[in-house]
């Protein structure tokens with residue numbers, strides 16, 4: 001769709017205007033703003049203009065750039081100590097937090113959630129890594145805008161893409177599968193951004209920013225232990241026809257039901273549990289990895 005100088009410059013200018021409008025209430029630094037322009041444009045190239053509402057709404061959510069001092073001096077008290085330690089160590093440099101707004105009252109059925117992104121800004125991180133981190137977290141929110149509050153197993157849950165987390169308990173389901181699908185999409189969006197470098201960019205700030213990712217092909221090592229196993233789903237017709245649209249519009253039960261219809265009752269849960277275990281499983285020949293491959297191959301063959 002965007003394969004000429006004119007079309008790419010139009011997309012970048014369009015993205016700048018919408019991002020500036022969506023983030024007008026925040027005092028973002030120039031580094032973050034330029035990355036947001038690129039990620040927004042990459043997402044439009046990936047999803048198309050039909051999903052501009054979801055992309056725009058995701059960028060209205062606040063992004064917090066955290067320094068080492070911010071974390072050490074507890075300037076963001078809402079972040080759990082475990083997350084602070086993981087961010088400082090580089091184990092988890094970014095995450096998206098979801099919490100209830102002040103005007104919520106679940107007992108009266110008034111539930112409004114706030115999505116907020118936290119990124120540990122380490123000056124030693126390379127630009128690609130920061131851009132990918134922002135893209136990954138924004139993409140979670142894009143796929144959570146619609147029907148974020150869901151009722152699952154008789155409980156009120158908050159949806160992040162495919163993942164369903166209880167509002168009142170520390171529990172979630174389908175997290176590994178959501179992270180894997182989200183990372184595969186992130187890789188594709190990053191490659192859309194890199195594709196812009198083939199064209200003459202009029203905006204000097206964005207031209208300099210794109211020079212930092214020139215001559216790259218993006219295939220992140222994030223979640224590598226699970227990406228190879230679920231990639232066949234991602235490139236199958238089932239992803240485009242079932243998973244992609246229903247993850248965007250929030251009808252995730254259609255995804256569960258489609259999988260169970262093809263493979264049998266509770267097979268989606270079996271796959272999800274297997275993928276969650278793969279996050280910690282480094283053995284390429286484990287029985288769990290074999291079972292995940294078997295379920296994936298059976299699913300895409302039907």
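The values are calculated or read from the model by the stated rules, or taken from the named source; none is laboratory data. Computed from a predicted model, the values in this text were never measured in an experiment. Note that each Cβ is placed from the backbone with ideal geometry, even for glycine, and that neighbours are counted across all protein chains shown.
Rundown of residues vs (1) within 23 Å of residue 248 (Cβ to Cβ); (2) over 21 Å from the mean Cα position of the chain (by Cα); (3) assigned by TED's automatic domain parsing to the domain that holds residue 150; (4) at pLDDT 90 or above, yes/no style:
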residue	(1), (2), (3), (4)
50	yes, no, yes, yes
53	yes, no, yes, yes
61	yes, no, yes, yes
67	no, yes, yes, no
74	no, yes, yes, no
90	no, no, yes, no
102	no, yes, yes, no
109	no, yes, yes, no
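Filtering segment 193-231 to residues that are crowded, with 20+ Cβ neighbours inside 10 Å and within 17 Å of the chain's Cα centre (by Cα) leaves 193, 223, 226, 227, 230. Of everything in segment 226-247, what is out of contact with any helix residue (DSSP H, G or I) (no Cβ under 6 Å at 6 or more places or on another chain) and more than 14 Å from residue 296 (Cα to Cα)? Give them in sequence order. Scanning segment 226-247 gives 240, 241, 244, 245, 247. Being in contact (Cβ under 8 Å) with a residue 60 or more places away in the chain, surrounded by 15 or more Cβ atoms within 10 Å (Cβ to Cβ) and closer than 30 Å to residue 194 by Cα, is that true of even one residue in segment 80-89? Checking segment 80-89: not a single residue is in contact (Cβ under 8 Å) with a residue 60 or more places away in the chain, surrounded by 15 or more Cβ atoms within 10 Å (Cβ to Cβ) and closer than 30 Å to residue 194 by Cα.
Filter segment 246-267 for residues that are over 27 Å from residue 52 (Cβ atoms) and over 21 Å from the mean Cα position of the chain (by Cα) and give the result. Hits for segment 246-267 are 257, 259, 260, 261, 262, 263, 264, 265, 266, 267.
The requirement of being under 18 Å from the mean Cα position of the chain (by Cα) and under 17 Å from residue 163 (Cβ atoms) is not satisfied by residue 235. Is one or more of the residues making up segment 190-197 out of contact with any helix residue (DSSP H, G or I) (no Cβ under 6 Å at 6 or more places or on another chain) and farther than 15 Å from residue 127 by Cα? Yes: segment 190-197 contains one or more residues that are out of contact with any helix residue (DSSP H, G or I) (no Cβ under 6 Å at 6 or more places or on another chain) and farther than 15 Å from residue 127 by Cα. A residue that is more than 18 Å from residue 190 (Cβ to Cβ) and not in a strand (DSSP E or B) cannot be found anywhere in segment 36-48. Set side by side, the residues 239, 234 differ, and just one is in the same structural domain as residue 301 (by TED's automatic domain parsing) and farther than 16 Å from residue 292 by Cα, which is 239. Residue 72 meets the conditions (1) touching a helix residue (DSSP H, G or I) at 6+ places or on another chain (Cβ under 6 Å); (2) over 22 Å from residue 201 (Cβ atoms) in every case but one. The failed one is (1). Summed over segment 250-286, residues that are assigned to a helix (DSSP H, G or I), touching a helix residue (DSSP H, G or I) at 6+ places or on another chain (Cβ under 9 Å) and farther than 16 Å from residue 227 by Cα total 15.
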